[in-house]
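Chemist: Below: one structure in structure tokens.
The values are calculated or read from the model by the stated rules, or taken from the named source; none is laboratory data. Note that the coordinates shown come from a computational prediction; the quantities given were computed from them, not determined experimentally. Every residue, glycine among them, receives a Cβ derived from its backbone with ideal geometry; neighbour counts consider all protein chains shown. Each accessible area value is taken on the protein alone, full model and side chains, heavy atoms only, with ligands, DNA and RNA left out. Shrake-Rupley method; radii C 1.70, N 1.55, O 1.52, S 1.80 Å.
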Amino acid sequence: MKILSVRFKNINSLKGEFFIDFDKGPLADSGLFAITGQTGAGKTTILDAITVALYNKVPRHGNHVDELMTRHTGECWSEVTFETNTKRYRSKWSLNRSRNKADGKLQPDKMELADGQTGEILGGHRKTETLELIQQITGLDYDQFLRSVMLAQGEFSKFLKASTKERSELLEQMTDSFI
């Protein structure tokens, strides 16, 4: 699995729309990179946006994704484009308040997975179906994704301390190879 881009709106303290293209230089040319910056710069928000778009939860809020919406806004969303060895996909998570008004009643969050080339919606229209399909396509559940792809703040040491068997399994799934 390779994350190609993330686009999001009104996530945590970052109000407005943002777009990061990991598939263009210099990020695409580096292979492995770190997201760094001062406290409060939005590093964790980028990680949250990626994770919620794929798995409908984030490490610091768990299943309480309604806490991701920027205060005094009526909607938020995150969209991740990723590819596997076989295909390109777009996964989107969204949350809004009634009539997209900041004081509106919170509505249920939504998820969709689409073919990255055609835009065709995959996996039905229920969030559980979408989540199951993402896990099937990527070969990674939420915890495996956090340990192997995301490596959020302080989590890198957990990957390093994992058993040889567990690291091997994760690396095999990530690279579609056998160690």
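Chemist: Out of 14, 32, 27, report the one residue that is modelled with pLDDT under 90, open to solvent by 30 Å² or more (accessible area, probe 1.4 Å), among the hydrophobic types (A, V, I, L, M, F, W, C) and touching a strand residue (DSSP E or B) at 6+ places or on another chain (Cβ under 9 Å).
Modeler: Result: 27 is the single residue among 14, 32, 27 that is modelled with pLDDT under 90, open to solvent by 30 Å² or more (accessible area, probe 1.4 Å), among the hydrophobic types (A, V, I, L, M, F, W, C) and touching a strand residue (DSSP E or B) at 6+ places or on another chain (Cβ under 9 Å).
Chemist: When the residues of region 61-116 are narrowed to those that are open to solvent by 20 Å² or more (accessible area, probe 1.4 Å) and of a type in the set (Asp, Glu), which ends up nearest to residue 44 (Cα to Cα)?
Modeler: Residue satisfying both the conditions and the ranking: 67.
Chemist: On the given criteria, is residue 41 within 22 Å of residue 148 (Cα to Cα), among the small types (Gly, Ala, Ser) and not in a strand (DSSP E or B)?
Modeler: Values: within 22 Å of residue 148 (Cα to Cα): no; among the small types (Gly, Ala, Ser): yes; not in a strand (DSSP E or B): yes.
Spelling it out, it is not the case that residue 41 is within 22 Å of residue 148 (Cα to Cα), among the small types (Gly, Ala, Ser) and not in a strand (DSSP E or B).
Chemist: Still on this structure, please answer the following. Do you know which of the residues in region 65-97 that are in contact (Cβ under 8 Å) with a residue 40 or more places away in the chain and among the β-branched types (Val, Ile, Thr) is farthest from residue 23 (Cα to Cα)?
Modeler: 73
Chemist: Residue by residue through region 35-64, note down the ones that are among the polar types (S, T, N, Q) and without any contact (Cβ under 8 Å) to a residue 24 or more places away in the chain. Lay out the reasoning, then the answer.
Modeler: Within region 35-64, the first condition is being among the polar types (S, T, N, Q), and the residues that meet it are 36, 38-39, 44-45, 51, 56, 63.
Result: 36, 38, 39, 63.
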